[in-house]
Every structure is written in C-alpha cells, then in structure tokens.
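Heads up: the structure comes next, in structure tokens.
The values are calculated or read from the model by the stated rules, or taken from the named source; none is laboratory data. The structure presented is a predicted model; accordingly, all values stated were derived computationally and were not measured. Please note: Cβ atoms are built from the backbone with ideal geometry, for glycine as well, and neighbour counts cover all protein chains shown. These accessible areas exclude ligands, DNA and RNA; they are computed on the full protein's heavy atoms, side chains included. Shrake-Rupley method; radii C 1.70, N 1.55, O 1.52, S 1.80 Å.
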Amino acid sequence: MFYNYGNCLRNQQKIDDAIIFYEEAIRLHPTYSKAIDNIGVLYDDGTEEGSKMAEKMYQKSIEANPHHPRKVKFSHVIFLTLFLLFFDSKTEV
C-alpha cells in the first residue's frame, strides 16, 4: 500500500512525499528492493550529491535482494568487460 501510494506521488512529481511513503514501505519490509530502487531513482537528479545518494540506495537494494536484476546486469557488464580486455590484449597492433 505504501509503495503504491509512493508511486502515485512520484507520478505527481511530489518527490519528498513519495520518498516518505517508500521509506515506510521499507520500514515494514526491509528487503523491499523495488521501494529502495525507487528512492534511488528519485535521488538521481543529475547532481553529484544526488548520484551518490542514488548509488547508495541501489547498493542497498542489491544487498536486500541477492537476485536483484541490477546485480545480474552488473555481473554481465563485468564479464563482458573482462572478455573484451582479454581478446583485445590478444590482438596484434
């Protein structure tokens, strides 16, 4: 309920109020990664401070849910990066 109302408030651009409701959803369900993610999205306003706060929330979300899609995505990015570095080092210049 709190998560859904937070979404309604976010859609109305009532950011501070939405965060309050997401935080209440997290208080009731500490591993509710969707609510944690949504707070991160709201913090990520393009500023350096907002990006840092968002990153903290995203990390908290991953910790709350070991099967979180971001964790899977990050692991794929790491694998692809290592793969490309390995094959790039094998290429003659």
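Okay, here's what the table says:
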quantity	calculated
Odd one out for LEU9 among (1) open to solvent by less than 60 Å² (accessible area, probe 1.4 Å); (2) of a type outside the set (Val, Ile, Thr); (3) closer than 27 Å to PRO66 by Cβ	(3)
Checking ILE39 against (1) surrounded by 14 or more Cβ atoms within 10 Å (Cβ to Cβ); (2) at pLDDT below 90; (3) of a type in the set (A, V, I, L, M), the condition it does not meet	(2)
